[in-house]
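Reviewing the structure listed below.
Laboratory data are not the source of any read-out in this text; all were calculated from the coordinates shown. Small disclaimer: the values here were computed from a predicted structure and weren't measured. Glycine gets a Cβ as well: all are built from the backbone with ideal geometry, and neighbour counts include every protein chain shown.
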Amino acid sequence: MIVSTSILSADFLNLERDIKRLETAGADSIHIDIMDGVFVANPTWGPSTVKAIRQVTSLPLDVHLMIDKPERLIDDYLRTSADYIIIHPESTVYLRKTLLQVKNYGTKAGVAIKLETPIDIIRNCLDLVDIVLLLTCDEGFGGQTFHPFSIEKISQVAKWRSDQGLHFKIEVDGGINPETGRQCKDAGADILVAGSYIFNHELDRAIRALKEV
């Protein structure tokens, strides 16, 4: 199992220190939630922060844009040298156009949906994406509870992938620990995003426990 560590639960005043600790502890990638206070209530960082993080780690950067009309700022995020740019269909009427812009730049593209969004909304872009990110809790804050009905959504996306012969990864984020991670893996998930669980335990042991689900 691939483990992408969310720095939403890190110490914002010591991001470099915590990212280095995650790197040493065996994290596979760094998950960066970009929130604008409009699309979701809790604002976080911007492209300058992603660019700064790129300078302090060689780990892949998994940038999840929870922002309104991401097409307005997509060029700024592409210039950060992030490895993955993930956008929401709920936030734009230019989903395919924006995903194609990301792909044409040479960056890997992803699509994400909120917990209560029906998954049919992403069916028309699965041929373009490298990652499908399913939020398994309410968006905007760390440390929330995993919602079991997410398992059905993971299974359906995995079925579409198999039926269409596609190769995107399925990523899940929200209330992830070894127990819920195992459920997600069994449903078809490939990548676990975790923040609170990792930072509330010894980093290396927590990351290892998730990798071994």
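Which residue, Q156, G195, F168, has the largest displacement toward the positive end of the dipole of the chain when charges sit on each Cβ (Lys, Arg +1; Asp, Glu -1)?
Farthest towards the positive end: F168.
Using the Cα atoms of region 1-77, I'd like the radius of gyration and the largest Cα-Cα distance, Dmax, both in angstrom.
Rg, Dmax (Cα atoms, Å): 12.5, 36.
Given the -39500 (n - 2.57) contribution per DSSP H run of 4+ residues, what per-residue ellipticity at 222 nm results for the chain, rounded to the nearest 500 deg cm²/dmol?
Values: 8 runs with 73 residues, N = 213.
Dividing the helical sum by the residues of the chain leaves -9500 deg cm²/dmol.
Rule-of-thumb check for the chain: C-alpha Rg over 2.2 N^0.38 Å?
0.93
Between their Cα atoms, which of K108/K153; K108/K185; K51/K185; K20/K97; K69/K103; K20/K69 are more than 28 Å away from each other?
In this structure, K51/K185; K20/K97; K20/K69 exceed 28 Å between Cα atoms.
When the gyration tensor of region 77-152 is built from Cα positions, what are the square roots of 5 times its three eigenvalues, in whole Å, from largest to smallest?
23, 15, 10
Let's test the formula: R0 of 45 Å, r as the Cβ-Cβ distance of Y105 and Q156. What FRET efficiency results, to the nearest 0.05?
So the FRET efficiency works out to roughly 0.90.
What is the calculated FRET efficiency for N14 to Y94, with r their C-beta to C-beta distance and R₀ = 41 Å, to the nearest 0.05?
Calculated value: 0.65.
Please list 55-68, 5-18, 112-125 highest first by mean number of surrounding beta-carbon atoms within 10 Å per residue.
The packing order, highest mean first, is 55-68, 5-18, 112-125.
On a C-alpha basis, how far is the centre of region 58-81 from the centre of region 166-181 in Å? Whole number, if you could?
One Cα centre to the other: 21 Å.
So if each residue of separation counts as 0.36 nm, and I subtract the Cα-Cα distance between N42 and T24, what length gain in nm does that give?
3.6 nm
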